[in-house]
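The values are calculated or read from the model by the stated rules, or taken from the named source; none is laboratory data. All of these numbers come straight from a predicted model, not from anything done at the bench. Using ideal geometry, Cβ is built from the backbone for each residue, glycine included, and neighbour counts are taken over all protein chains shown. Note: areas computed on protein heavy atoms with side chains; ligands, DNA, RNA excluded. Shrake-Rupley method; radii C 1.70, N 1.55, O 1.52, S 1.80 Å.
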Amino acid sequence: MPELPEVETIKRGLKDLVTGLSVKEVVIKNHKSFLIDENTKELFLFNHKVLDVKRRAKLLMINLDSDYSLVFHLKMTGQLVYVNHNYRFGAGHPTDSLIHQLPDKSTRVIFIFNNKAKLFFNDQRKFGWIKIIPTALLTDKDFFKYHGPEPLDLLFSSDVLYQRLLKHPNSKIKAVLLNQTVLSGLGNIYVDESLWMSKINPLTTVNRLTEKNIVVLHRSIQSVLNKSISLGGSTDRNYVDAKGNKGSYLKFANVFRKENQPCPRCSNLIVKQKIAGRGTHFCPNCQKIEIEK
Ligand SMILES: [Zn+2]
């Protein structure tokens, strides 16, 4: 599932490519993927210049000079591929559509820009969607009131993390970090990796964490996300094929989907256990459960 780093990768790539362009035409192959009515499309999308491309949580937002924004949610299998003559940039869910001739059977919507470039919204499982929303609404804090802070925001300090965690003192840290009202955009992979890096056992309840644990956890979350973004999330540049390991989200992973393999830190075998309803990977040796102090 595309998570924060993949959406951030799309944002950074598209920002340089589509800013200043305008959409001339939209080809809709699956109406459930494109939740914009005819009238709104004519009035607020067509022929309006792209001002900026942004991300909040896992949503990608293309701000237009109509004061509306195109909003994309990639859900399970969404990806965006920009094609202009021989130039291609694509990111999101890693499948062959990133590198093959488009449109293909996963293509749901095609945007055609004034420079003839095309932006393909591909989504095998069809859970993703595209909407258009007044930009003022997106900057209104109420719109995102159920989302916690952005983990890569400059204002996100270890104190902020501490305050957010403390609202769930008796919950397991794994569950709390997956809760989008606590933090925005952290999914299963990034939670497991951050906890491993912090040497925190995913079953530890929040009230057992020390101040030092939280400082290290804060640093680990940012480091894991930044590393994944620097590797390009899942993009056509590192994609090889659907069977290869490359092109997955997992190039940087130390524990995620590494059960029964040696921990890169201590060589103990990594285990997989269902915690908070999710397959959770950790090293029982260097992520020991905190005993009462
Ligand atoms: Zn270990």
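Once you've got the GNM for the chain with C-alpha springs shorter than 10 Å, pick whichever of Tyr87, Tyr68, Tyr146 has the biggest mean-square fluctuation.
Greatest mean-square fluctuation among the candidates belongs to Tyr87.
Spin-label point model (7 Å from Cα, Cβ direction): what's the Leu166 to Asn260 distance in nm?
Calculated label separation equals 4.4 nm.
In nm, to one decimal, how far is the modelled label at Asp37 from the one at Arg12, with both set 7 Å along Cα→Cβ?
Label-label distance for Asp37 and Arg12, simple model: 4.0 nm.
By how many degrees, between 0 and 90 and to the nearest 10, does the Cα long axis of helix 211-230 differ from the longest principal axis of the chain?
Between helix and principal axis, roughly 30 degrees.
Output the direction-averaged projected area (hull surface divided by four) of the convex hull of the alpha-carbon atoms of the chain, in nm².
15.5
Run the accessible area of the chain with a 1.4 Å probe and give the carbon-and-sulfur part as a rounded percent. Mind dumping the intermediate values first?
Numbers: 7160 of 14120 Å².
Heavy-atom surface of the chain belonging to carbon and sulfur, 1.4 Å probe: 51 percent.
May I ask for the Rg/Rh ratio of segment 158-282, computed from Cα atoms with Rh as the Kirkwood radius, given to two decimals?
On the Cα set of segment 158-282, Rg over Rh gives 0.98.
Determine ³J(HN,Hα), in whole Hz, for all residues of segment 30-37 in sequence, where each value follows from phi through the Karplus function 6.51 cos²θ - 1.76 cosθ + 1.60 and θ = phi - 60°; x replaces Gly and Pro.
9, 5, 6, 7, 10, 9, 10, 7
Using each residue's phi in segment 128-136, evaluate 6.51 cos²θ - 1.76 cosθ + 1.60 at θ = phi - 60° and report the 3J(HN,Hα) Karplus result to the nearest Hz, with x for Gly and Pro.
Rounded to whole hertz, the list is x, 8, 10, 10, 10, 9, x, 4, 4.
For segment 1-59, what is Rg from Cα atoms divided by 2.2 N^0.38 Å, rounded to two decimals? Could the numbers behind the result be given before it?
Numbers: Rg = 13.2 Å, N = 59, 2.2 N^0.38 = 10.4 Å.
Taking N as the residue count of segment 1-59, the ratio is 1.27.
Using only helices, what value at 222 nm comes out for the chain when you add -39,500 (n - 2.57) per DSSP H run of length 4 or more and divide by the total residues, to the nearest 500 deg cm²/dmol?
-7000 deg cm²/dmol
HN-Hα J couplings of segment 75-87 from phi, Karplus 6.51/-1.76/1.60, θ = phi - 60°, integer Hz, Gly and Pro as x?
6, 6, 9, x, 8, 10, 10, 9, 10, 9, 6, 8, 7
Once each part is reduced to its C-alpha centroid, what is the distance from segment 41-90 to segment 168-191 in angstrom?
28
Taking only protein heavy atoms into account and a 1.4 Å probe, give the accessible area per residue of the chain in Å².
Ligands and nucleic acids excluded, the result is 48 Å² per residue.
Based on alpha-carbon centroids, what's the gap between segment 197-223 and segment 91-161 in Å, whole number please?
Each part's Cα centre sits 29 Å from the other's.
Could you calculate the contour length gain from Gln101 to Glu211, that is, 0.36 nm times the residue separation minus the distance between their Cα atoms, to one decimal place in nm?
Details: separation 110, 0.36 × 110 = 39.60 nm, distance 5.19 nm.
In short, 34.4 nm is gained.
For Ile270, enumerate residues with amide H under 5 Å from its amide H, sequence gap 5+ or separate chain, H modeled in the peptide plane.
Counting only residues 5 or more places away or on other chains, the set is Asn260, Gln261, Cys263.
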